[in-house]
1. If you go through the stretch 504-520, how many residues are in contact with a strand residue (DSSP E or B) (Cβ under 6 Å, 6 or more places away or on another chain) and aromatic (F, W, Y)?
2. Give the number of residues within the stretch 636-660 that are part of a loop (DSSP other than H, G, I, E, B), within 20 Å of E562 (Cβ to Cβ) and modelled with pLDDT of 90 or more.
3. For the structure I just gave you, tell me whether K536 is buried (at least 22 other Cβ atoms within 10 Å of the Cβ) and either within 31 Å of the chain's Cα centre (by Cα) or within 24 Å of A475 (Cα to Cα) (or both).
4. Counting only residues that are under 15 Å from S607 (Cα atoms), give me the strands (runs of 3 or more DSSP E) lying completely in the stretch 323-415 with at least 1 of them.
5. Answer yes or no as to whether N103 is over 20 Å from the mean Cα position of the chain (by Cα), among the polar types (S, T, N, Q) and at pLDDT below 90.
6. Can you go through V544, V556, V565 and tell me which one is more than 18 Å from L353 (Cα to Cα), surrounded by 24 or more Cβ atoms within 10 Å (Cβ to Cβ) and more than 26 Å from the chain's Cα centre (by Cα)?
7. Do the conditions hold for E469, that is, is it surrounded by fewer than 21 Cβ atoms within 10 Å (Cβ to Cβ) and charged (D, E, K, R)?
Amino acid sequence: MKKLLSIVFLFVFFLFSCAPSKTPTPTIFPTSTLSPAATATERPNAKLISDSFLYNGPSNVDFDSIGTLKAGDEVYPLGTYGDFVQVDAIINENNVTGFVYKNALSNLLENVPALSSDQVPWKPLYIPSCTPGSYDPKTNTTTFTNNGDGYYDPETQAIPLTSPLKLKIEKLSAIGTSYVIVKILGIPEAPNPWWQGITRMDISNNGGYYQLGVRDGTTESYNKQWNLSISSSQPIQIIFDQVNGKSFTVFDKDGNQVQHIDLTQQPQLKLPNGLFPQGNLYIGTSTAPHSSSLVTGLSVGATSDGKWVDQRDNGLGLADLTKKNNITIGTVFSNGDMMNLKGCRIMKKDFDLVSIGDFSYKGYWLGPDQYDFSVLDNEIAYANQMGWRVRAMHLVWGAVESDAIPDWLLNGHFTRDQYIQILHQHITTLVERYKGRVQEWSIANEAPARSFTPGADFWNDKIGPGYVEMAFRWAREADPNGVLIFNQDNNESPRDYDTSRTIDKMYAMVKKLKDDGAPIDIVGMQMHLFLPWNSKIPPKKEDVIATMQKFAALGVRIDITEMDVDLQRESGTETQKLNFQAQLYKDMLSACLESKVCDGFETWGVSDANSWITCQQQGCVKDADGEPLMFDNNYDPKPAYFAVQDVLANYPNIESTPTP
């Protein structure tokens with residue numbers, strides 16, 4: 001009887017999970033079945049021949065582990081899908097349903113049925129808890145708050161589509177406005193004008209009902225809209241028929257087909273190649289000024305291919321490994337990284353410190369004592385929510401060629417005393433607003449090297465070199481507990497004329513500032529290696545250690561603050577270049593640990609796809625083949641990642657290998 005009931009239950013479960021026009025579509029993000037272990041019954045079983053993870057879907061890459069199984073454990077197969085088997089297993093005296101790798105089983109009975117794609121969870125492409133909003137797991141709701149005067153429009157990086165897109169929203173609502181939008185794009189927004197060339201569909205709340213609006217990139221307004229007869233307080237599901245998104249079907253909460261739309265057959269639209277003509281997906285939201293949008297139950301996924309991916313066992317994340325070494329490991333905060341499934345997992349697993357680079361962006365500083373804090377507020381609130389240590393990059397930076405100095409200040413005509421007053425007010429305002437939520441402040445970034453070139457440092461030109469000491473003192477007054485960083489590039493080892501004179505200049509400045517009582521806590525070594533204008537000589541670990549210790553003797557600690565390795569101009573095969581890069585990452589982290597004076601190791605970005613070196617916009621290096629970071633364009637780990645992992649796992653027993 002129990003066996004019969006189990007079969008009936010599975011049949012009903014699989015039938016409910018299917019997605020024809022009259023039945024609900026599958027759940028994208030499944031929760032494991034968890035119940036007290038039942039008494040032993042006669043049912044098909046198999047044993048594990050090795051320790052294995054139990055996943056909440058048929059993939060060891062796209063789904064999360066929900067438990068660990070030991071060699072010799074018995075599991076009860078329910079169905080096969082690709083390289084995986086859905087099984088019932090007993091973990092901590094509870095029955096858990098999940099997926100294991102087929103080859104981990106000693107035997108698999110021939111009568112175990114094959115599962116269809118509608119009977120397994122969708123491969124997730126988006127995780128609500130990773131978005132730059134406030135996520136409430138109890139209600140499965142993400143709140144995007146916008147206190148600024150412009151629209152708040154976070155979007156993911158490109159997500160490659162290999163199977164048709166499936167999307168579900170349980171509810172859309174807003175506070176302070178009726179405007180709330182979930183947007184899916186195939187071609188993202190352009191800088192100017194933003195709408196030109198895009199392909200985008202918005203799912204919005206219009207008078208309490210869902211509305212679809214599509215843009216084909218020929219005009220700023222929607223080219224075509226559909227008002228749906230589904231309340232925006234009820235679930236809606238949209239399933240595309242093809243990878244390129246030429247047509248899709250809308251379902252209501254009961255799985256009933258509401259509308260089928262072929263985008264290629266709409267005379268108002270010019271989308272002959274569909275909504276995703278390049279095979280990429282971008283997901284985003286839009287929140288009106290001075291309001292909040294609430295998105296409940298947003299799930300975005302695709303059909304899983306069920307393939308096992310051979311990959312090196314990462315073991316503990318880098319953030320766990322750094323704890324035993326008493327250092328931090330950081331990177332730059334990016335909405336795009338967090339809204340990318342792999343990027344989010346990497347951020348949670350491998351980093352415990354984030355730098356907020358938008359402190360250097362002039363857009364929020366509107367005038368003397370006038371600010372739009374909306375972007376910084378959101379980023380810092382999210383970083384605090386995730387439990388990361390936060391570094392402000394950069395509180396003071398005089399780079400006239402960057403976006404650090406607002407136009408009103410760059411083109412203004414003030415006296416020296418007025419510039420001092422403006423800078424004092426700026427530092428005090430920012431530090432007092434965020435102290436406690438920001439633990440570290442980068443101050444007077446690159447002042448030593450910029451002092452070599454007249455006109456390269458705005459604050460030096462307007463106030464004089466004394467602005468550096470002023471800035472440190474004002475920051476300490478505003479935040480007595482904050483860590484204050486004096487940051488510079490090309491200062492990790494004397495490799496050539498430029499690096500030697502930069503080190504000498506910075507050393508002299510730090511010594512004088514410390515002698516005068518300036519509160520400098522850390523000397524930052526950026527380590528942007530092999531940029532077009534930087535030395536092409538690889539730094540040697542021993543020289544880096546000596547330089548770190550030289551600065552530390554002045555009464556400061558050291559951090560590696562912005563490391564990346566630009567391979568654009570390196571020779572050799574791809575394997576040789578990546579191994580060379582890995583050795584440099586290994587040597588620089590080893591130098592940090594072995595110096596005994598270094599407290600942190602930070603990369604300037606997560607993925608090659610989202611690096612200031614590879615991007616093509618203004619302010620980027622534009623080395624498209626630079627491959628500078630530890631993760632590639634697909635957010636997969638490179639040899640550099642494993643080199644860093646090995647150093648952290650094995651220190652102090654690190655093999656000493658000469659730099660190539």
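The values are calculated or read from the model by the stated rules, or taken from the named source; none is laboratory data. Note that the structure is a prediction, hence the values are computed from the model and not measured. Heads up, the Cβs are rebuilt from the backbone with ideal geometry, glycines too, and the neighbour counts pull from every protein chain shown.
1. So the answer is 0.
2. 1
3. no
4. Hits in the stretch 323-415: 328-332, 353-356.
5. Spelling it out, it is not the case that N103 is over 20 Å from the mean Cα position of the chain (by Cα), among the polar types (S, T, N, Q) and at pLDDT below 90.
6. Exactly one of V544, V556, V565 is more than 18 Å from L353 (Cα to Cα), surrounded by 24 or more Cβ atoms within 10 Å (Cβ to Cβ) and more than 26 Å from the chain's Cα centre (by Cα), namely V544.
7. yes
Residues checked against (1) assigned by TED's automatic domain parsing to the domain that holds K512; (2) more than 22 Å from W604 (Cβ to Cβ); (3) in contact with a Pro (Cβ under 7 Å, 6 or more places away or on another chain); (4) charged (D, E, K, R):
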residue	(1), (2), (3), (4)
P448	yes, no, no, no
D457	yes, no, no, yes
G464	yes, yes, no, no
P480	yes, yes, no, no
V483	yes, no, no, no
N487	yes, no, no, no
